Amino acid sequence: MKKIGITGQNGFVGYHLYHTIKLFQEEFQLIDFQRSFFDDETELETFVLQCDVIVHLAALNRHNEPEEIYRLNTDLVKRLIDSLEKTQHKAHVIISSTTQEERDNLYGKSKKEGRLLLSNWANNNEGRLSGLIIPNVFGPFGHPFYNSVVATFCHQVARDEKPKIEIDGHLKLIYVGELVQEILEAIRTEDNSHELYLPHTAEAKVSEILSLLHYYKITYQDNGEFPKINNSFEHNLFNSYRCYMDIPNYFPRKFVQHPDNRGAFVEIARLGIPGQVSFSTTVPGITRGNHYHTRKIERFAVIKGKALIQLRRIGTIETFDFYLNGEEPAYVDMPIWYSHNIKNIGEDILYTIFWINEPYNADDPDTWFEIV
């Protein structure tokens, strides 16, 4: 079992890597890292000695003073190297660099300098280094106005703000989940490539991305329809967008009922993508679910009875409670990386319709147990 520590484990990429590694407890053991370790030599050395693999993600992306970006990013690498040398520990170090290495900005220069410093350490100390040079990363939970233009535009579009395109550049992109798989591959193969360019998995102009986000806003957020999705990039972008919505104040969404003398008709979901529809009954007091997905798109629709649907983002403690009643049929959609459940809180049987975008596959279920 490899022991893995992640500097910057609470950052954008660090969050996804940390919680993905937790899914492989028989293969990996996580060593906790705190930002304060960089300010305490003893703590940092203790951390280093515990790790078979150190994934160095801690870095500053933006600052009012570019010189501070360069100073801090190179300083963090130097402190890590000092600890490795003092402990004479031959860990496998993985550093995230960027395709901005060759650009004329201090962020790119700081990342290249850090990678070269670690390369020199590895060559002189029988260490192992994976120097990952990474294209633009996007995905859920990136910080708007900091991590990427995708994060910024998702945040703005979801809140009816008006994004402004400064330069309609052509972006080469990688989804954060795909990047995590590349890091896991480097760990498993014990990669020693000091300069490893990771391939981008999608290309799009900034204006094309913004157009898709507006489409998701109108189709999904405003009208409750699942949009047409043409490829894996659009799937990942849509899942990312959903996580930037104001989830606790958006759900539950009431259905439009069409009553007549026979009863009432309700349309559960209008779909631009394939999927699977299921129906369940739940007796009073019983809870279903308590799991999360990393890629699946899912809708819970209560049509009869009383239900409590709960959501909690993995790695956080805040729980969102949604109360639904079949007398006013409504639905809640499940964002990725949110554990969710549904409980019958009434005195009668609860009737629920579930829709999910892919049929259950026992060999690749993307269903991870965790109590909300």
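All of the numbers you see were taken from the coordinates with simple rules; none came from a lab. Model, not experiment: these values are computed from the prediction. Every residue, glycine among them, receives a Cβ derived from its backbone with ideal geometry; neighbour counts consider all protein chains shown.
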query = Taking the convex hull of the alpha carbon atoms in region 1-45, what volume per residue do you get, in Å³?
reply = 58 Å³
task = Using θ = phi - 60° and the Karplus relation 6.51 cos²θ - 1.76 cosθ + 1.60, list the HN-Hα couplings for region 88-103 in order, rounded to whole Hz, with x at every Gly or Pro.
result = 6, 8, 9, 6, 8, 9, 10, 10, 8, 10, 8, 5, 7, 3, 8, 7
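Can you give me the orientation-averaged projected area of the convex hull built on the Cα atoms of region 1-133, in nm²? Don't skip to the end; give the middle numbers.
On the way: hull surface 30.9 nm².
That works out to 7.7 nm², a quarter of the Cα hull's surface.
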task = With everything on Cα atoms, drop me the angle between helix 12-21 and the longest principal axis of the chain, reported from 0 to 90° to the nearest 10.
result = 80 degrees
remark   = Expected sort for 164-174, 235-245 on mean C-beta neighbours within 10 Å, highest first, is 235-245, 164-174
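Nearest-5 percent of antiparallel DSSP beta bridges in the chain?
Working: 47 of 72 bridges.
The antiparallel proportion sits near 65 percent.
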query = How far is helix 106-125 tilted off the main Cα axis of the chain, in degrees rounded to 10, range 0 to 90?
reply = 60 degrees
query = Given +1 on the Cβ of Lys and Arg, -1 on the Cβ of Asp and Glu, and no further charges, what dipole in debye does the chain carry about its Cα centre, rounded to the nearest 20?
reply = 640 debye
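Applying a 10 Å radius around every beta-carbon, put 301-310, 346-355, 333-342 in order of their mean neighbour count, most first.
Working: 301-310: 21.2, 346-355: 17.4, 333-342: 23.1.
With the highest mean Cβ count within 10 Å placed first, the list reads 333-342, 301-310, 346-355.
Could you order the peptides 277-290, 19-32 from most to least packed, using the average number of other C-beta atoms within 10 Å per residue?
Packing proxy ranking, top to bottom: 19-32, 277-290.
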ask   = Put +1 on the Cβ of each Lys and Arg and -1 on the Cβ of each Asp and Glu in region 247-369; which of A362, T287, N325 then has its Cα farthest toward the positive end of the dipole?
value = N325
Debye-sum result for region 247-369 in log10 I(q)/I(0), which assumes one identical scatterer on each alpha carbon, at q = 0.12, 0.22 Å⁻¹ = -0.44, -1.41
query = Can you pull the semi-axes for the chain, root of five times each eigenvalue of the Cα gyration tensor, sorted largest first, whole Å?
reply = 43, 24, 17
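Tally Lys/Arg at +1 and Asp/Glu at -1 over every other residue whose Cβ is under 12 Å from the Cβ of E45; what's the total? Walk me through the intermediate numbers first.
Values: positive: R79, K86; negative: D40, E41, E43, D82, E85.
Residues near E45 contribute -3 overall.
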Sum of side-chain charges, D364 neighbourhood, beta-carbon under 13 Å (Lys, Arg +1; Asp, Glu -1) = -1
request  = Measure nothing fancy, just the Cα-based angle from helix 66-87's long axis to the longest principal axis of the chain, in degrees from 0 to 90, nearest 10.
outcome  = 70 degrees
request  = Would you mind counting up the charge near T287? Only other residues with Cβ under 15 Å from its Cβ, with Lys and Arg at +1 and Asp and Glu at -1.
outcome  = +2
query = Using helices alone, what [θ] at 222 nm do you get for the chain, with -39,500 (n - 2.57) per DSSP H run of 4 or more residues, divided over all residues and rounded to the nearest 500?
reply = -9500 deg cm²/dmol
note = Along the dipole axis of region 1-129 (charges at Cβ: +1 for Lys and Arg, -1 for Asp and Glu; origin at the Cα centre), the most positive-end residue among A122, T87, P66 is A122
